[in-house]
1. Residues with beta-carbon under 12 Å from that of V685, excluding V685: net charge, scoring Lys, Arg +1 and Asp, Glu -1?
2. How far apart, in nm, are two points set 7 Å out from the Cα along the Cα-to-Cβ line at I56 and at A477?
3. Taking the Cα centroid of region 170-238 and of region 73-145, what is the distance between the two, rounded to the nearest whole Å?
4. Relative contact order (percent) for region 105-233, with alpha-carbon contacts under 8 angstrom and 6 or more residues of separation?
5. Tell me, what is the Rg over Rh of region 96-206, with Rh the Kirkwood radius over Cα pairs?
6. Write out the chymotrypsin sites (Phe, Trp or Tyr not before Pro) in region 677-760 meeting two conditions: DSSP loop, and at most 15 other Cβ atoms within 10 Å of their Cβ.
7. Distance in nm between label sites at V8 and A550, each 7 Å beyond Cα in the beta-carbon direction?
8. If the cut-off is a Cα-Cα distance under 25 Å, which lysines reach K458, setting aside same-chain residues fewer than 8 apart in sequence?
Amino acid sequence: MELLYFSVLIFTLLLLAYNRVPLLVAMAIMVSLTVAWTEFRHLFYVSSWFRFANGIIAVTFIGFSIKPLRRLLISDRLYGWFRKVMPVVSETEQEALDAGTVWWDAELFSGRPRWRSLLRNPAPALSPREQAFLDGPVEEFCHRLDEWAICDEYHDLPQDAWQFIREHRMMSMIIPEAYGGLGFSAQANSAVVMKLASRSLTAAVTVMVPNSLGPGELLLHYGTDEQKKYYLPRLASGEEIPCFALTSPVAGSDAASMTDTGVVCKAMFRGKEVLGLKLNWDKRYITLAPVATLLGLAFKTLDPEHLLGEQEDLGITCALIPADTAGIEIGTRHRPVGAVFMNGPTRGRDVFIPIDWVIGGRERIGQGWRMLMQCLAAGRAISLPAIGVAGGKMAALMSGAYAYIRRQFHVPIGHFEGIEEPLARIAGRTYRMDAARNLTLVALDQGHRPAVLSAILKYQLTEANRQCLNDAMDIHAGKAVITGPSNYLAQAYQAIPVSITVEGANILTRSLIIFGQGAIRAHPWLLKEMEAARDPKPGGRKAFDKALFAHIGLVISNLVRAFMLAVTGGLATRAPVGGPTATYFRQVTRMCAVFSLSADLVLVTLGGKFKSKEKLSGRLADALGHLYLATAVLKRFEDDGRPEGDLPMVQWAMDDSLHTIQESLRGVLGNFPLPGVGTLIKWIVFPLGMPYSPPSDSVGKSVARLLLSENESRDRLVSGVYISDGDDAAGKIHSAFHLLLTSANAENAVRNALKEHVTWDNYKRLVKRAVESGVVTEEQATLVRLAQEAGRAATAVDDFPRSDTEHRAQKVLHTEVNAA
């Protein structure tokens, strides 16, 4: 009986913590239970120690509910300590933290995601006008592009391609129709970039950059009416080609180290003395700079003569400058790997500009970094993720087809388990990438600007693209390593570092930004505690007390939830749907609790020192990233109508993400700053051992087989990319794949009847005999012949005459001699 009472008491406390019952309600419940046990002690033989324990807990809850008392005894004492240990945040870091909004990332950090709020979001969809643009001008543009010729012969987009971009206003997707732009949604912007990237990275980047972080977006959000009316129509028509110069040799992600300056002064400009800025800068890696007519520039503003006020260092400012302004050096090129999009340096020496060339005018001086971070909070989720998904889709499309066409030992190589593994990885990752891309775009189109999720998307999707293309290269083997018009992989593979590096290098994004910013922005209470600790007014201590005790309650709840969800295998929580994915909803909920608990314990232990613990931050970023990817997969499956054929990809993606989350958090606990604490927490959150394993071989086989045939699941997976029906390298693969699948029954009939495998060398002889023997009809024989010929042509590689190489070497030598 004593054990029973003890179990009832513990279960009551666990239930209160698990359900996050508010403190006042929990106090009322414990007081009521204490009174009830006392009144009915004879009826239920309630022991005195049990009533006493209930009473002690009730009194404790009462004490914590009296705010002046708890402030006196606890929160006021912790207030000073918290101020000392909380991280020091620089001005640029604060502006980055203030940028954008939080969305589903806040639910993940809470440890108790509200699934129904996620599922209520609409499925991704384009408007009829946007879809027509994709099916019309974008499709036609892709048909015209030849990436091999662009990179190997022209070293630039041909002039008719530039003209096509202008005519169809492709650089104006973010500019409203009122200014002559297309006024597309984020979903349409991403879809256009993705389709172009599936055909030509050079074309995709050329179109992408003006529709991303740059003059157009900055003008839309911060420009004066006069600036908008003048520049936006010119940008929309292509009359102006924009670029934006931020990165310098000594300042990339560290904007505080920027040495480019603008000194406030007065000077003669067009015959008048005006107030303006004298600029000096040295920038590099600026996309479109060599052809730009309009230069966006970020620089530090200094006012030594106090022409604008008492402050001398005014902060980072953004301005728009015509590229032909005196003193500007622009036009030379960098040569990015794998692509030939226009990219180069720009420099300026004593360039004077009027004050009204500042984006937003005089009142926006010093607000440049905030402006850039606000734009990046959304823009980082559009362009580079679209390129990443395009790479994954093309890797899936081409690798599956090639693995069926290419045969070894008379069997398609895709049927070998060694090839099934990379095929499954490509398909599973691509399904997950596209799910995350679409979910984030829907959020953007609803007005959210999720800065943390956009960083996750940029990092995870560009890394997954790298992994997909690596696997595709391995599957294609020699076909992929011989460059030429027949190689549809090499240039995308070579260009991988471009997306990995820009808009925040992935190492930096993973180790500093995702969790470093996410822990502050998306955490339910940490930012509130920091703001309260910085507030010197009496109200600051009250706000700190409220946030502190809410934070303590969150930690206790997640500790209990993590344990109870572990011992019940997730059954302690309810899934929002039934069917095959219900268990995955429960498991993600469980891992949210473990992640939130682990994150809080690390932050409490390290305080401000956490900023330098990049390995722990990186592991927590991996866990947070895959929590988001996993939720996106579940949402996509629901949005698509729960197609049964997609279940293998859903299962592969979810198993892989859950295993990654588990291993990331195990790494956090295994390297916990306080010895022994990590082990203790691991026993609590994983009491029955590590529950998640990588995707099984059988699941991998099912996923790989989806890429080896024509089916609806494969069509959904690769939708949105350009599928060539021409005589180029990709078109030959698609044609051969279709013909070989269509002729498979006839080929099998020939093999079974003649007891000999059909190969590229013997197909003519065997097909002739089969027709003569009545095994196949002449129509079937023709189909087999066409399929074998198409397969041979599709797997061919290029060779070049020596004279071509020697001619190029002579041109280089001739250029060097002339230069000397």
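Bear in mind these aren't lab numbers, they're just calculated from the coordinates by the rules spelled out. Small disclaimer: the values here were computed from a predicted structure and weren't measured. Because the Cβ atoms are built from the backbone with ideal geometry, glycine has one as well, and the counts that use them run over all protein chains shown.
1. Values: positive: R561, R590, R666, K682; negative: none.
Around V685, the charge tally is +4.
2. In this crude spin-label approximation the distance works out to 7.2 nm.
3. 21 Å
4. Numbers: 104 pairs, mean separation 29.6, N = 129.
In percent, rounded to a whole number, it is 23.
5. Values: Rg = 18.4 Å, Rh = 16.5 Å.
Rounded to two decimals, Rg/Rh equals 1.11.
6. Details: sites: W683, Y692, Y722, F737, W760; in loops: Y692, Y722, W760.
Answer by residue number: W760.
7. 3.5 nm
8. Those lysines meeting the cut-off are K195, K283, K393, K611, K613, K615, K635.
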